[in-house]
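See below for the structure under consideration.
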Amino acid sequence: MAASWADEMGEVVKPASAPSRPTRPSYVPPARRNKPLSADAREYCPLSSAGPDFIPSSRSHRARGRDPNPFEIVETFSELGVSDGGGINFDAYDDIPVETSGADVPLPVNTFAEIDLGDALNENIKRCKYVKPTPVQRYAIPISLAGRDLMACAQTGSGKTAAFCFPIISGIIRHCGLRQRPARKARIANPVALILSPTRELSSQIHDEVKKFSYLTGIKVAVAYGGAPMYQQLRDLEKGVDILVATPGRLVDLIERARVALQEIKYLALDEADRMLDMGFEPQIRKIVEQLGMPPPGMRQTMLFSATFPSEIQRLASDFLSNYIFLAVGRVGSSTDLISQRVEYVRDVDKRSHLMDLLHAQRANGIYSKQALILVFVETKRGADSLENWLCVNGFPATAIHGDRTQPEREQALRSFKSGATPIMVATDVAARGLDIPHVGHVINFDLPKDIDDYVHRIGRTGRAGKPGLATAFFSDVNQPLAKSLSELMQEANQEVPDWLLSCAQRSSYGGGKSRRAGGGRFGGHDYRRSHSYSGGSSSGASYQPQPAQGYSFGNASIIATGWD
């Protein structure tokens with residue numbers, strides 16, 4: 001019976017030459033003793049040869065190299081949303097245009113097997129059920145593993161987080177190794193990698209993802225963001241940290257308190273980099289990168305990722321890079337074809353009643369549940385609180401998240417929304433970028449933003465990981481400046497544009513709705529060095545001269561590669 005159990009579990013049989021040694025059982029909590037393993041545990045982890053009653057503890061397998069604890073694996077990876085047969089619809093990425101520019105661009109790969117990421121990381125990739133790389137991962141991972149700096153634009157929900165996490169984790173394992181831990185708790189943390197993001201929620205999300213990807217690698221990961229008690233974050237830092245995920249404000253505070261030092265940084269990643277350099281973060285980012293002891297460009301590897309990268313922001317970001325490669329995946333700044341976009345003309349005074357009709361219709365169609373969460377965006381914090389209260393009074397369980405809520409309140413709102421306890425969440429733009437919430441089936445722009453870039457990021461909360469989504473926008477007279485860019489965006493995404501919206505776009509006197517950033521252009525979908533005389537600055541001082549683009553095919557994706565001397 002033991003043999004059949006081992007066969008069913010996928011047990012790894014030791015070589016005949018290996019000596020047979022009795023396995024000493026480690027401690028198992030009473031509640032878990034002699035319990036059959038769940039389907040999730042069987043799927044995630046081939047078990048030890050000690051038999052079905054032996055469940056090794058996390059301490060024993062880390063210290064002695066034993067097989068991982070299946071219960072710990074299930075707990076670690078369950079939040080990925082893959083245990084229910086979900087995950088990424090990789091077939092949706094088969095026909096996405098890709099464009100690279102820069103000198104000596106490494107060749108892309110088509111499978112993870114072609115990339116030498118290390119056994120431990122490869123096992124975690126399998127546990128995450130990543131079948132093959134998405135287009136941004138096909139290009140970004142080889143570029144980063146080659147040690148090149150990277151500025152990458154990719155559509156929302158296309159796998160950017162893994163695209164910079166995998167090379168960082170692999171690089172630390174390969175080049176830095178497991179650093180000697182101090183005998184006592186160290187007062188000053190010296191991370192090897194730093195990942196910066198603009199919001200607390202995004203930092204927490206990236207932290208969770210990095211922990212999953214670095215499971216059983218020995219890499220220590222910590223997170224630091226404002227609004228949360230600092231003592232717990234300090235305790236985590238004192239235990240040692242290899243990868244630090246942080247928001248700029250809290251990081252500067254920790255550095256000034258002499259609790260974090262940046263002298264050993266080898267990898268720097270900025271997620272939502274355009275927002276980091278545009279919304280008041282630029283002075284803090286420059287201080288972190290240029291004035292607080294971080295190694296200069298060329299001595300560290302820098303990776304910048306976002307869904308939109310206007311030319312002006314590219315100029316600012318180039319100061320942090322050395323001889324970098326620009327990567328554009330998809331119609332950068334556009335929405336994916338998987339998101340069905342609808343725009344309805346609704347007067348401001350009628351928005352609530354129209355929203356009520358929309359929610360009633362969705363409930364009647366049987367798609368109002370935790371499997372089809374609804375995210376409603378408003379413009380102001382007061383408006384978020386008011387709409388949340390109005391929805392609850394009218395029988396629709398809702399929660400809200402915005403900048404004036406305390407961090408515990410914001411975290412509780414996200415937990416309640418993700419679990420489906422409150423399947424409607426009202427949010428300001430604090431939730432517009434980067435958040436990956438499974439099962440968001442409908443994004444409603446109750447108030448349209450003033451910036452078309454923000455619209456792109458908002459609707460990108462649905463239609464993620466290759467799955468379809470729906471986005472509805474309430475358009476009123478105050479949104480007239482957005483008409484032209486909104487209609488162009490919908491046409492790019494092969495969406496049906498209402499005739500009245502086209503008429504509004506034609507009447508627009510100044511083609512409003514463009515990015516508020518100077519030189520925003522087409523969302524920064526192209527390397528700005530192509531159309532500007534570029535002297536390189538800190539980027540090795542090279543003079544880049546664009547060469548004619550060469551088209552070639554890779555898989556089913558259309559690609560343009562441009563090089564410079």
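The values are calculated or read from the model by the stated rules, or taken from the named source; none is laboratory data. Since this is a predicted model, take the numbers as computed values, not measurements. All Cβ positions, glycine included, derive from the backbone under ideal geometry; neighbour counts span all protein chains shown.
Just name the residue that is farthest from ARG529 (Cα to Cα) out of those in the stretch 98-135 that are of a type in the set (Lys, Arg) and touching a residue at least 24 places away in the same chain (Cβ under 8 Å). It would help to see each step written out before you state the result.
First, pick out the residues of the stretch 98-135 that are of a type in the set (Lys, Arg): 126-127, 129, 132.
Next cut, touching a residue at least 24 places away in the same chain (Cβ under 8 Å) only: 127, 129, 132.
Working: ARG127: 40, LYS129: 38, LYS132: 32 Å.
So the residue we want is ARG127.
Can you tell which of VAL241, VAL289 is at pLDDT 90 or above and not in a loop (DSSP other than H, G, I, E, B)?
Working: VAL241 fails: not in a loop (DSSP other than H, G, I, E, B).
Matching residue, one of VAL241, VAL289: VAL289.
Do any helices (runs of 4 or more DSSP H) entirely within the stretch 339-432 hold 2 or more residues that are at pLDDT below 90, and if so, which? Lay out the reasoning, then the answer.
Working: elements: 351-364, 381-393, 407-419.
In the stretch 339-432, 351-364, 407-419 are the helices (runs of 4 or more DSSP H) which contain 2 or more residues that are at pLDDT below 90.
What pairs come up if the first residue lies in the stretch 231-255 and is at positive phi, the second is surrounded by fewer than 17 Cβ atoms within 10 Å (Cβ to Cβ), and their beta carbons are under 6 Å apart, counting only those six or more places apart or on different chains?
From the stretch 231-255, the pairs are GLY240/ARG181.
Check HIS175 against each of (1) surrounded by fewer than 20 Cβ atoms within 10 Å (Cβ to Cβ); (2) modelled with pLDDT of 90 or more; (3) closer than 20 Å to ASN124 by Cα and name the one condition it does not meet.
It fails just one condition, (2).
Is at least one residue of the stretch 475-494 in contact with a strand residue (DSSP E or B) (Cβ under 7 Å, 6 or more places away or on another chain) and assigned to a loop (DSSP other than H, G, I, E, B)?
Yes, there is a match, as at least one residue in the stretch 475-494 is in contact with a strand residue (DSSP E or B) (Cβ under 7 Å, 6 or more places away or on another chain) and assigned to a loop (DSSP other than H, G, I, E, B).
Take the stretch 211-263 and flag every residue that is among the small types (Gly, Ala, Ser) and surrounded by fewer than 20 Cβ atoms within 10 Å (Cβ to Cβ).
Residues of the stretch 211-263 that are among the small types (Gly, Ala, Ser), as a first pass: 214, 218, 222, 224, 226-228, 240, 246, 249, 258, 261.
Once the filter is applied, which keeps residues that are among the small types (Gly, Ala, Ser) and surrounded by fewer than 20 Cβ atoms within 10 Å (Cβ to Cβ), the stretch 211-263 yields GLY218, GLY226, GLY227, ALA228, GLY240, GLY249, ALA258, ALA261.
Quick check on GLY420: is it at positive phi and surrounded by 13 or more Cβ atoms within 10 Å (Cβ to Cβ)?
Numbers: at positive phi: yes; surrounded by 13 or more Cβ atoms within 10 Å (Cβ to Cβ): yes.
Yes; evaluated as a whole, the condition is true for this residue.
Quickly run through the stretch 407-460 and pick out the residues that are of a type in the set (Phe, Trp, Tyr) and within 17 Å of LYS381 (Cα to Cα). Give the steps one after another, and end with the answer.
Going residue by residue through the stretch 407-460, those that are of a type in the set (Phe, Trp, Tyr) are 417, 446, 455.
The one that is of a type in the set (Phe, Trp, Tyr) and within 17 Å of LYS381 (Cα to Cα): PHE446.
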